[in-house]
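So the structure is just underneath, and the comments pick up after that.
The values are calculated or read from the model by the stated rules, or taken from the named source; none is laboratory data. Not measured: the values here are computed from a predicted model. Positions of Cβ are backbone-derived with ideal geometry, glycine not excepted, and every protein chain shown enters the neighbour counts.
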Amino acid sequence: MSFRITPDMVINGKIDHIDIGDVKHVDCYECADLIELPNWPNVEIVECDNCPQLRELPNWPNVAHVYCNSCPQLRELPNWPNVLTVYCIACTQLRELPNWPKVIRVDCDDCTMLEELPNWPNVSRVSFNRCILLRKFPNWQILERTHTSGCPGLVYAALVVLIQTEFLLDDLKKECILWHV
């Protein structure tokens, strides 16, 4: 069963006055004044689309799939213990992501404030297109697909590592020459 939150349900940035019972799928669409969502314990799927004032999401214990599109005030996400997929597209104030233990897919395109990513143990697909401040990319072992176009910080970081490696190789060559003389 699904429950759709509409703009007329939002009072003072919240919707605490609504009891959704055992609903597992919550959909917030174009709720311009929504600042936060209640901590509904049975929620497994959450979709927030074009909620420009949404600042945070609760630490739902059973959430498995989170979809946030165009939520520019969203700054951080909780460390959901059971989340499998996270889509945060154009959440331009999102600064960091937790180390979700079970996540397998993360898409955070156009999250322009992200700087580094955790080393998720089970992730297999990631997309971080146009995350212009992203500088650190973990060495995930089981990735099937990666998208990182438009991330100048990653290119810069890779060049720094390459240059440092080149200097180390030059020093090593000099040491080997000294040992052979």
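Observations on the structure shown:
- Boolean, Ile132 is at pLDDT 95 or above and touching a Ser or Thr at 6+ places or on another chain (Cβ under 9 Å): no
- Annotation note: of Asn42, Asn69, Asn50, Asn62, the sole residue that is among the polar types (S, T, N, Q) and more than 24 Å from Cys108 (Cα to Cα) is Asn42.
- The test for being over 20 Å from Lys24 (Cα atoms) and surrounded by 15 or more Cβ atoms within 10 Å (Cβ to Cβ) does not hold for Pro78.
- Among the residues making up segment 58-73, those that are surrounded by 21 or more Cβ atoms within 10 Å (Cβ to Cβ) and closer than 19 Å to Trp120 by Cβ are Trp60, Val63, Val66, Cys68.
- All of Cys71, Cys131, Cys51, Cys111 fail the test of being in contact (Cβ under 8 Å) with a residue 12 or more places away in the chain and in contact with a Pro (Cβ under 8 Å, 6 or more places away or on another chain), apart from Cys71.
- Within segment 148-159, residues that are at pLDDT below 60 and part of a helix (DSSP H, G or I) have Cβ atoms under 8 Å from residues that are surrounded by 13 or more Cβ atoms within 10 Å (Cβ to Cβ) and among the charged types (D, E, K, R) in these pairs: Tyr156/Arg135; Ala157/Arg135; Ala157/Lys136, counting only partners at least 6 apart in sequence or on another chain.
- Test: residue in segment 110-130 that is small (Gly, Ala, Ser) and assigned to a strand (DSSP E or B): yes
- Cβ-Cβ contacts under 8 Å between residues 6 or more apart (or on different chains), taken from a first residue in segment 22-46 that is on the phi > 0 side of the Ramachandran plot to a second residue that is surrounded by fewer than 14 Cβ atoms within 10 Å (Cβ to Cβ), are listed as Glu30/Pro7.
- Among the strands (runs of 3 or more DSSP E) confined to segment 1-109, the ones with at least 2 residues that are of a type in the set (D, E, K, R) are located at 45-49, 105-107.
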